[in-house]
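Notes follow the structure.
The values are calculated or read from the model by the stated rules, or taken from the named source; none is laboratory data. All values derive from a computational prediction rather than experimental measurement. Positions of Cβ are backbone-derived with ideal geometry, glycine not excepted, and every protein chain shown enters the neighbour counts.
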Amino acid sequence: MKATKEMAARDRLGERHGPFDVERIRADFPVLRQQVYGKPLVYLDSAATSQKPQVVIDTVAQYYLAENANVHRGIHFLSEQATRAFEGARGKVARFLNASEAREIIFVRGATEGINLVAQSYAKGRLRAGDEIVISAMEHHSNIVPWQILCEQTGAVLRVIPINDDGELLVDDYGALLGPRTKLVSVVHVSNALGTINPVKQIVEMAHSREVAVLIDGAQAAPHLAVDVQALDCDFYVLSGHKVFGPTGVGVVYGKAHHLEAMPPYQGGGDMILSVTFEKTLYNVVPFKFEAGTPHIEGVIGLGAAIDYVTGIGLDTIDAYEHELLVHAADALSGIKGIRVIGTAKEKASILSFVLDGVHAHDIGTVLDQEGIAIRTGHHCAQPVLQRFGLPATARASLAFYNTREEIDALARALHKVVELFG
């Protein structure tokens, strides 16, 4: 069974793209060359933040070395050069998501701020007491708390799509939640705690049949899957740059142009205005209307470099290779005494959350750290989904295309050591 699964995964990779040279990829990531406690670093925490290729590091450094200036406001050489790079990155993101036009891309600090922007600018003015917002039971706190705040502000009600024991959305129950008072659906594309890939196209279609708008939280999907917002037909899509091998502190909101045109500004300040007097302010056009103040210029430019890097490899290639790794990891961990994987959906990205009988997740993480292996332990900012499984915490190994089968094997050996220590 193990061999059959792995052969199928390799065939899937080879048929599409030929052999995947992971060692060549790893050479692009300087952080992976180091040792931790005298052992080679095994970084299995990419769902928390991804490592950065040298080209992204160099791009950010080059901005400060030779291009540092504010954007959109100057007529001198450096400002024009920085503006071209900044707006060039907007175009790259638009192509990455297959947006209709670059002005549908808004730069923010991350997916969290993106969701808050949509909540306060799009949804707030449309909600009345008793209206409903639908989310799922597997959401990150960033896709729960902004809606709770909005419900407190407006009197709206939060409704939650349940999940089954495999960590899959109950689509029929979702359909039953959609009603005349539903005003917005906001659902994660890939669960950060379970790895579940949700049927977001179907979710959007079902909501649109009721004329309900949909936001997709793509923070965990964008690094692993090709995203086509036009094919999905979602109204909004958010992502975080640091999950897509880019800098921290930068994110993206995609919004359909007609929504963005109708939405009021989220923040006020410089660059989001056309003119200001003490009597009246005229706001700038989309997308600048939503980008108040000096932006994270080097972060945006670095994100553009990260997108170039990822698209150069190909999201289909990445997906296929990571699927092979996930199959190998699932098999490698299955032989460990007392292990239980949390999240066994049929459609799953490269995240493995698990518990060991009688061992606290933090103890697992501590032992693995001494072996040079970086995983995440805790509730992963997704407490409700862990409560669904009756757990306070899990250990989570999250994979990226720079990981190897040998690193998975090192994880399995370290977990056997955990069992020996605490068994």
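Look at VAL285 and say whether it is crowded, with 17+ Cβ neighbours inside 10 Å, in contact (Cβ under 8 Å) with a residue 40 or more places away in the chain and not assigned by TED's automatic domain parsing to the domain that holds LEU356.
Judged against the criteria, VAL285 is not a match.
Does VAL310 fit the bill of being of a type in the set (Val, Ile, Thr), surrounded by 16 or more Cβ atoms within 10 Å (Cβ to Cβ), closer than 25 Å to ASN192 by Cβ and without any contact (Cβ under 8 Å) to a residue 40 or more places away in the chain?
On the way: of a type in the set (Val, Ile, Thr): yes; surrounded by 16 or more Cβ atoms within 10 Å (Cβ to Cβ): yes; closer than 25 Å to ASN192 by Cβ: yes; without any contact (Cβ under 8 Å) to a residue 40 or more places away in the chain: no.
Answer is no for this residue.
If THR281 meets every condition in (1) of a type in the set (Val, Ile, Thr); (2) touching a Gly at 6+ places or on another chain (Cβ under 6 Å); (3) modelled with pLDDT under 95 apart from one, which number is that one?
(2)
Could you list, in sequence order, the residues of the stretch 166-180 that are in contact (Cβ under 8 Å) with a residue 12 or more places away in the chain, under 26 Å from the mean Cα position of the chain (by Cα) and assigned to a loop (DSSP other than H, G, I, E, B)?
Those that are in contact (Cβ under 8 Å) with a residue 12 or more places away in the chain, under 26 Å from the mean Cα position of the chain (by Cα) and assigned to a loop (DSSP other than H, G, I, E, B): ASP166, GLY167, GLU168, LEU178.
Pairs needed: first member in the stretch 140-158, assigned by TED's automatic domain parsing to the domain that holds ALA129; second member anywhere, among the acidic types (Asp, Glu); C-beta distance under 7 Å; at least 6 residues apart or different chains.
Matching pairs, first to second residue: HIS140/ASP217; ASN143/ASP217; ALA156/ASP131; ALA156/GLU132; VAL157/GLU132.
What are the residues in the stretch 64-102 that are within 30 Å of ASP316 (Cβ to Cβ) and of a type in the set (S, T, N, Q), if any?
ASN98, SER100
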